[in-house]
1. Quick check, is Tyr152 farther than 20 Å from Ala230 by Cα, in contact with a helix residue (DSSP H, G or I) (Cβ under 8 Å, 6 or more places away or on another chain) and among the hydroxyl-bearing types (Ser, Thr, Tyr)?
2. Could you check how many residues of region 224-281 are surrounded by fewer than 21 Cβ atoms within 10 Å (Cβ to Cβ) and farther than 22 Å from Ile297 by Cα?
3. What number of residues within region 372-392 are under 16 Å from Ala347 (Cβ atoms), in a helix (DSSP H, G or I) and in contact (Cβ under 8 Å) with a residue 24 or more places away in the chain?
4. Quick one: in region 72-86, which of the residues that are of a type in the set (A, V, I, L, M, F, W, C) and farther than 14 Å from Val34 by Cβ is surrounded by the fewest Cβ atoms within 10 Å (Cβ to Cβ)?
5. Taking the conditions exactly as written (among the β-branched types (Val, Ile, Thr), assigned to a helix (DSSP H, G or I) and surrounded by fewer than 18 Cβ atoms within 10 Å (Cβ to Cβ)), does Thr157 satisfy them or not?
6. In this structure, is Asp134 among the acidic types (Asp, Glu), in contact (Cβ under 8 Å) with a residue 12 or more places away in the chain and buried (at least 16 other Cβ atoms within 10 Å of the Cβ)?
7. Please go through region 425-465 and give me each residue that is within 31 Å of the chain's Cα centre (by Cα), assigned to a loop (DSSP other than H, G, I, E, B) and basic (Lys, Arg), ordered by number.
8. Can you tell me which residue in region 158-188 is nearest to Glu225 (Cα to Cα), limited to those that are out of contact with any Leu (no Cβ under 9 Å at 6 or more places or on another chain) and of a type outside the set (D, E, K, R)?
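The values are calculated or read from the model by the stated rules, or taken from the named source; none is laboratory data. The structure displayed is predicted, hence computed values, not measured ones. No Cβ is skipped: glycine too gets one built from the backbone with ideal geometry, and neighbour counts run over all protein chains shown.
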Amino acid sequence: MKARYLIPIFFVLGTAFVSAQIRPDTGDRDDNLVERILTQTVEYLAVSKYDEAIALFDTIPQPQRDTSGLRLLRASILSSAGKFAEARAGVEAVLALEPGNIDALFMLATIESVTGRRQQQQRALERIIAIEPDNAEALVSLGNINLETRAYRQAATYFYRVLTNDGRNAQAMLGLARAFRMNTEWDDAEMLLDRLVSLYPDMVEARSDRARFYWGRERYREALEEFDAAIKLSPNDFWLAVDRADLLFEMERKTEALAEFNRAIAINPNHYYPYVYTSGLKDDLGDHEGAERDYTILARLKPDYYFAFEGLGLHKMRKGEWADARNAFMEAYRQAPNEHYFALLTAISWMRMGDVTAPRTFLNQAQNRVTRNTLEWYMFRLYYDMTSRNYQSEYDMLTRLDREQDETLKARMLFYMAWYFEVRGNTNSANRYFRMVYELDKKAIPEWRLNEWILIDRGIHPLIF
């Protein structure tokens, strides 16, 4: 994936900075040519034509191209193109000649951050501090690194150093407030956030951080007001929309939460996170087709998220699309092999395709992963023997179910007992057990939703009468 993190550095340096860097001892040259090349390079960067930008940049004649300013600009372009090793080498070449070059050290720190090399990033920032002990940007960055590693006290010391010299530094105040909040120093965090918002009422991060503070203190109304203020300042911020939706969801304002998650999707339809919630919320609100669509999108955007395949499989079962249901549950089971229920759901869907013998090998392999002589193990054995009517096995299973004290486990096993009878064509017995699942009221289990759909579809849901 190509990154664009360092493009801002290119613009911070700017043509004027470059001109200053290339003037001394460069001999005969065409200053206008260099500026035209830089202008065209910026235009390529604006449309993500990184290879063209690098190729054009390299047409800058010597010796101008070997000045530190232009070397750093080239490294910035390489980094924007995702060519981090080349970018790092270019910056380090500058530092080999100019070890005190602050711009080069900042660029190196940024490259190390983008590539996840936190220790190297920290060392680069510490080199800056050794040269400029009061460099606010470097100190704030060091504080933020310590926030990420949960070294809250150490983080606070860096932010304090900045605020000692500049008591109104917004980023240092924000970082210190976060250190207080994350370390549960609530009073200090609130006082600092209040001051930050008072000084910078149009600072989005100040508003959103105060919203998260209120949220953590269960002051939901105030949190919502702060999120609203932040969103008014930055209406197209994806994560602000997600956070506000999460808050509404926690407040059990489902319709509003769904609307806000949908707004987040409108901002960025290719991030998986909102679909985690919209799929379930749509089910809760009765939009089953919409829920199925969102589970489908979720499975595509985050194929390693087995809950997406679980939800998709349940909807395919609801519609009787047995092959798709089998495939979805099989993928969920592949990702979460300790969730034995996925294997049973796979087997049910497979059998409903017309051949009850088809999943026998699969069931045998799955049963070998289940602890022997448990309720689940006996259920697998019952499904394996589906082709023969073994009344003793049925009786043993029903007796074990009757004795089971764990109501959640009992509800799940009753569900699979119902499906056992359903597959065998004994609809009356199946309906009886589907109703027994409902009576245990274990809404947290995934099978609950499908069980309720079945009761409603068959007109035997207790609330219908």
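1. On the way: farther than 20 Å from Ala230 by Cα: yes; in contact with a helix residue (DSSP H, G or I) (Cβ under 8 Å, 6 or more places away or on another chain): yes; among the hydroxyl-bearing types (Ser, Thr, Tyr): yes.
Judged against the criteria, Tyr152 is a match.
2. Residues meeting the conditions: 12.
3. Matching residues across region 372-392 total 6.
4. Step one: of region 72-86, the residues of a type in the set (A, V, I, L, M, F, W, C) are 72-73, 75, 77-78, 81, 84-85.
Applying the additional criterion that residues be farther than 14 Å from Val34 by Cβ yields 72, 75, 77-78, 81, 84-85.
Details: Leu72: 27, Ala75: 28, Ile77: 27, Leu78: 24, Ala81: 21, Phe84: 19, Ala85: 10.
Residue satisfying both the conditions and the ranking: Ala85.
5. For Thr157, the condition - among the β-branched types (Val, Ile, Thr), assigned to a helix (DSSP H, G or I) and surrounded by fewer than 18 Cβ atoms within 10 Å (Cβ to Cβ) - is met.
6. No, not satisfied.
7. First, pick out the residues of region 425-465 that are within 31 Å of the chain's Cα centre (by Cα): 442-453.
Of the ones still in play, those that are also assigned to a loop (DSSP other than H, G, I, E, B) are 442-445.
Listed by number, the residues that qualify are Lys442, Lys443.
8. Of region 158-188, the ones out of contact with any Leu (no Cβ under 9 Å at 6 or more places or on another chain) are 164-167, 171, 183-187.
Those still in the list that are of a type outside the set (D, E, K, R) too: 164-165, 167, 171, 183-184, 186.
Details: Thr164: 32, Asn165: 33, Gly167: 27, Gln171: 22, Asn183: 24, Thr184: 22, Trp186: 19 Å.
Out of the qualifying residues, it is Trp186.
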